[in-house]
Amino acid sequence: MNKWLTLAAAFAMVSGNASAQEPPAAQTEPPGAADFRAGEEAFKKKDIDSAIPAFEKALAANPSLFGGHYYLGLAYKAKQNWAKCGDNFSQFLQKLGDQKAPDQKAGATRDAGLCYFRAEAFDKAIPMLQKAASGNAKDGDIQNALGIALVRANREPEAEAAFSKAIELKPETPGPYYYAGMINFKRKEFDKAQPRLTKYLELEPSGPFAPDAHFQIGSIAYQQVEQGGDRATLFPVVKEHMTKFVEGKPNAPQAPDALYILGWVAAQEEANDAAKGYFERFLQLRPDGPQAEEAKRFIAELTRQE
């Protein structure tokens with residue numbers, strides 16, 4: 001923190017508007033300088049609650065004290081006020097302009113992007129995260145955040161590229177595997193989706209996306225069965241993953257689909273009691289629609305075979 005305090009103060013001095021030292025007696029102190037110094041002193045003592053109003057007062061009196069925005073970005077980051085954190089770092093960058101300060105620009109850009117991301121202001125986060133990613137091609141966390149922001153903005157092709165880079169940079173981080181695999185699944189790129197989703201489950205078997213990953217892997221295997229794939233190999237995959245999906249998200253919109261598939265597989269394997277149970281549960285969740293009539297016919301046929 002002391003490093004950033006020194007740098008922020010240096011920016012204020014570069015702009016010629018404030019100094020950490022008292023001005024000579026013959027000089028007229030610029031507006032806001034006293035409040036700026038008060039903010040610095042509070043920051044050095046880690047008194048964020050006093051630093052914030054001091055810097056805001058300094059900026060209100062003298063907007064050219066743009067180093068105050070850097071301090072405020074740090075302060076609001078500490079307070080987890082993500083929107084104000086992003087706004088202040090963004091204003092600092094705008095006022096800094098073309099001045100040469102590569103480390104400070106990089107830090108403010110990264111923090112602005114992540115703060116806007118946490119505030120779910122994705123339209124503001126994306127350009128900042130893109131700049132941060134271009135400035136540091138080895139920052140896996142930025143690539144992951146950029147990917148999620150792009151997904152939320154319905155820009156999935158760009159998101160898949162960001163997640164692919166995140167996987168390359170941080171191969172033991174689970175989230176990018178799920179997001180990239182999910183995008184591949186939606187685009188029917190099953191040869192990419194299946195290994196990524198499987199890797200996600202290896203890294204985070206009880207993670208928040210685990211049920212959906214199971215559904216997607218099970219769906220891929222089921223489609224492979226429908227296309228003539230080896231049932232002896234694929235049926236166990238379908239059963240394992242669809243069962244885990246239903247256990248994890250029994251009331252999800254896809255749950256009836258999973259139950260229908262499980263019923264169909266059980267019927268093919270002549271596990272009649274299991275098949276009837278799945279079809280009955282399917283009908284409880286989705287009593288109408290074309291598959292409902294089919295499920296009823298399955299139940300009637302299985303009952304006759306008893």
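Read the figures in this text as sums done on the coordinates, not as results from a lab. Bear in mind the structure is a predicted one, so any value in this text is a computation, not a measurement. Cβ: placed from backbone, ideal geometry, glycine included. Neighbour counts: every protein chain shown.
Quick one: helix 82-96 against the long Cα principal axis of the chain, what's the angle to the nearest 10°, folded into 0 to 90? That works out to roughly 50 degrees. Using C-alpha pairs under 8 Å with a sequence gap of at least 6, the mean separation divided by the residue count of the range 253-306 gives a relative contact order of 33 percent. Would you work out if the range 35-179 is rounded, prolate or oblate? Take a ≥ b ≥ c from the square roots of the eigenvalues of the alpha-carbon gyration tensor; rounded if a/c is under 1.5, else prolate when a/b is larger than b/c, oblate otherwise. Because a/c hits 1.5 or more and a/b exceeds b/c, the range 35-179 counts as prolate.
Per-residue packing, averaged as other Cβ atoms within 10 Å, sorts the ranges 115-121, 283-289, 143-149 into the order 143-149, 115-121, 283-289, beginning with the highest.
Taking the convex hull of the alpha carbon positions in the range 253-306 and averaging its projected area over all directions gives 3.1 nm². Largest first, the three principal axis extents of the alpha carbons in the range 154-231 are 37, 27, 20 Å in whole numbers.
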